[in-house]
Every structure is written in structure tokens, then in C-alpha cells.
Amino acid sequence: MLYIITEYFHPFSDAGGPVRSIENILSLLKPIFNITLLTSNKGYKGNFLPEGIKSDIVQMEPKTGSNTLYISTTLKGLITLFNTIKRTHTVYINGLFKPSLNLIPIIMSNKLIVAPRGMLQKPLLKQKWFQKSLYLFVLKFIFFFKNVKWHATTEQEASEIKSVFGNKSNIKVISNIPVSPYKAAKSIVKDSSCLSLVYYGLIVENKGLLTLIQTLKSLNLPISLDIYGSIKDQTYWEECLQEINSNHSQVTFNYLGHANPSESQSILAKYDAFVLLTKGENFGHSIYESLSVGTPVIITDKTPWKFNESANPPGWIINNDDQGIDTDDLKETIINLYHVDNDAYALSSKAAHAFSIDFYNRHDFKKEYNELFNLI
């Protein structure tokens, strides 16, 4: 029996990449393992389950067909969680900072695999520093008495685990499972007299949307930016709106709300480039999905994705250090992309698609994850 524990899952698909990570794991491994998913009965906005889905009872989640237990924070929920996890069960913790959901399984199970999902990145640890430091202290004490296996999705994340939990941590590095790339790069005509960009991600400060809006306004070129994503930080979004509403440039901004993850590739294929000025990504599903359809990306150096320099690359990487985004480099990149003709753009589009194909083919995800869950 394998229990996967994650803070959010369907129908709360607007919680971002972690939902997609677990969805892809379930799709791959359901034929191999007897899996039950344990998750919160609330979305990250505090919204409750829709009618027809019950809390604290195992039921089939319709999108993935997986056995799912939506845990409430009531006494009944805690008792259900306590009675569900046995010491002999393998437990896969997806994320760290949800004590109400994670702590009982961590204490109960002797077969424990923990995937931080980027939550040990330094910029994220600085947020709510005291609470996180206290909780990590508790986890270190518990893990001292357990044989914990760690799942890192990159070598960088493996280093982050060691920096917090020690160099002797037992770590397996296996990439996130992405969606299958398109069989061929999209067919699109790039107009050198305009540029269509897309932002696709949660609307929070560390994703850099405000900087992108300000940078585009300063260029005053006929550029459009379509914004997809759930608003996780309302105050930050109001700052973005203030910049958008004071726009007197040629740039147009459109907020299109949350998009169903199953539509992400078809959406991203419509644009000239995808932009994400993030302060840190564990994987960046939307980055890969953009590449997988042949849409080049403009990202920061705080993601796992790296490109070789070429005349027509699959994407461009902008430095993002303690002083912030290198806006001069960002402006130059966007201006160059604005002026590029269709032939040169087609080469970058094909390079993006080829990059995603190469990444996908380098991994035997079923074998790698089968080995991960059979480690214990």
C-alpha cells in the first residue's frame, strides 16, 4: 500500500505545479501500486469541496480515478488520518509545511519518503521564517529516529535538503514527470511588427509578474501580455492592477483567470513567448509545457532549465539575484524577440520543441519512480 500525501489536489487544480506533479505520478504508477491519496478538504483560498465530494471518507476522485481521502481539520479528520496510516505502509509526503496533514503520517509510518517540492529554497524559507524554523526543528527531531528517504527533483534541491537536514541525508534525485510533448512544434507565423507574450502561473510576488508589467510599459512597443493564473496574493495583484490601469503605452494587458491544466499546452501554443521572472522553481511545469509545444521561454536563472547559447535558442535566461531582475537584459531580450522575423522565430520554436523531446526521452519515468517507491 502506497499513501501519497499532498496539500492540494483536484478539484483544487488552481494550486499550481504540485497538483500536476501528483497527477502525473498517479497516471504513471496506478497500474503498478495500490495508491490512496490523502489531501486537504480545502483549497488554498479556503474554499470547500463542491457538493457530492465528502470529507474523511475514501472515495474515487473522478479526474484521475484514484482513491482519495479529503481530510478535514476537525477531530474526526485527525482520527481518520490516525486510523488510516499504519507503520507498514509506505508514505510519500509531497511538500513539507502542512503539519495538520503531514505530522501524523510522519510519526506513524516507518516507511517514509519526503519530497520537499522546492519548499527548502532560501527565498521561500525566509517567508514566515519563525514558524518554518520551529517546524523544521520538530521534523529534524522526528527524523533522527527514522530512516527517511528523500526525493529531490534536481541536484540543486538535493543540496538544499542537505543544507537543512544534513549531508548524510538519504536522497534519490528523480525529475518531475512532465506531460508528453507535442509530436511536432506548432505552426505559427511571427509578425515582426508585434509580439504576443503569455504569463501562466500563480499570481504571487516571487513569480515576478509586477516587474514584467513595469518592464513592458517602459518599452512602449505594440506588445500584448495575456495573464493566466489564480490570484494567491490579493495585495500583490492589486499592485499589478494599479500598474496596468495606469498604462499609457502601446502595450495591452489581459487577465484571463485560471486555466484548466489540461488546456495549458493548447493555450501556450498560441503565443510568441512565455515569460516567468521567478525567484525560484522546483521544476516549472508551465516552462516545460511551453517548450513542449514549441513556444520559446523567457525565464530567470532560478529554475532547473538551462539552455546552450545559440543564434536561435529555445529560450533566454535572465539573471535574478539579491538586487532583483536584470531589467536591462530583460528589455534587450524582449526587443530582440519583437524584431525577429518569422524564419528566425521558427528556428527558436523548433529548438524549444526539440529541447523538450530530448528531456522527455532521457528519462524512463516509470522505472525511476518504481525504484523510488520500492526503496523501502
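The values are calculated or read from the model by the stated rules, or taken from the named source; none is laboratory data. Given the structure is predicted, the values throughout are model-derived calculations rather than measurements. Cβ sites come from the backbone with ideal geometry, for glycine too, and all protein chains shown count toward neighbours.
Summary of computed values
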{"item": "Set VAL204, VAL173, VAL179: member being of a type in the set (A, V, I, L, M, F, W, C) and farther than 19 Å from LYS302 by Cα", "result": "VAL179"}
{"item": "Answer residue from the range 227-281, given it is assigned to a helix (DSSP H, G or I) and among the polar types (S, T, N, Q) and is farthest from ASP326 (Cα to Cα) among those", "result": "SER262"}
{"item": "Residue, surrounded by the fewest Cβ atoms within 10 Å (Cβ to Cβ), within the range 131-153, restricted to residues that are in contact with a helix residue (DSSP H, G or I) (Cβ under 9 Å, 6 or more places away or on another chain) and not in a helix (DSSP H, G or I)", "result": "LYS146"}
{"item": "The lone exception for LYS128 - which of (1) surrounded by 19 or more Cβ atoms within 10 Å (Cβ to Cβ); (2) under 24 Å from the mean Cα position of the chain (by Cα); (3) modelled with pLDDT under 90; (4) among the charged types (D, E, K, R) it fails", "result": "(1)"}
{"item": "Residue within the range 73-82 that is within 22 Å of TRP150 (Cα to Cα) and surrounded by fewer than 16 Cβ atoms within 10 Å (Cβ to Cβ) present", "result": "no"}
{"item": "The range 282-294, subset in a helix (DSSP H, G or I) and not aliphatic (A, V, I, L, M), residue nearest to the chain's Cα centre (by Cα)", "result": "HIS285"}
{"item": "Residue check, ILE298 within 25 Å of ILE22 (Cα to Cα), buried (at least 19 other Cβ atoms within 10 Å of the Cβ) and within 19 Å of the chain's Cα centre (by Cα)", "result": "no"}
{"item": "Checking ILE4 against (1) more than 15 Å from HIS285 (Cβ to Cβ); (2) part of a loop (DSSP other than H, G, I, E, B), the condition it does not meet", "result": "(2)"}
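A quick yes/no check of all residues on (1) in contact with a strand residue (DSSP E or B) (Cβ under 7 Å, 6 or more places away or on another chain); (2) of a type in the set (S, T, N, Q); (3) part of a loop (DSSP other than H, G, I, E, B); (4) more than 26 Å from ASN282 (Cα to Cα):
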{"residue": "SER27", "(1), (2), (3), (4)": "no, yes, no, no"}
{"residue": "PRO31", "(1), (2), (3), (4)": "no, no, yes, yes"}
{"residue": "TYR44", "(1), (2), (3), (4)": "no, no, yes, no"}
{"residue": "GLU51", "(1), (2), (3), (4)": "no, no, yes, yes"}
{"residue": "GLN59", "(1), (2), (3), (4)": "yes, yes, no, yes"}
